[in-house]
């Protein structure tokens, strides 16, 4: 997940810094992919912390 988020972030950065003549929808797609990856990483960290704390509603760590 972290690799995929990084790839989206690099793609968004490249499309923002270098005008490649692409449709703007590609830049917004890359930004959305990076943002969703960051949100997903935050949720994973939150769940990991809850599981280590022994909270009942937390996902089980394997």
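Odds and ends about this structure:
- Test: residue 1 is touching a residue at least 40 places away in the same chain (Cβ under 8 Å) and loosely packed, with under 12 Cβ neighbours inside 10 Å: yes
- Applying a threshold of 8 Å to beta carbon distances and a minimum spacing of six or more residues, or different chains, the list of pairs starting in the stretch 42-62 at a residue that is on the phi > 0 side of the Ramachandran plot and in a helix (DSSP H, G or I) and ending at one that is surrounded by 11 or more Cβ atoms within 10 Å (Cβ to Cβ) and modelled with pLDDT under 85 is empty.
- Being more than 12 Å from the chain's Cα centre (by Cα), assigned to a loop (DSSP other than H, G, I, E, B), at positive phi and modelled with pLDDT under 90 is a property that residue 21 has.
The values are calculated or read from the model by the stated rules, or taken from the named source; none is laboratory data. These figures come from a predicted structure and were not determined experimentally. FYI the Cβ positions are ideal-geometry reconstructions off the backbone, even for glycines, and counts take in every protein chain you see.
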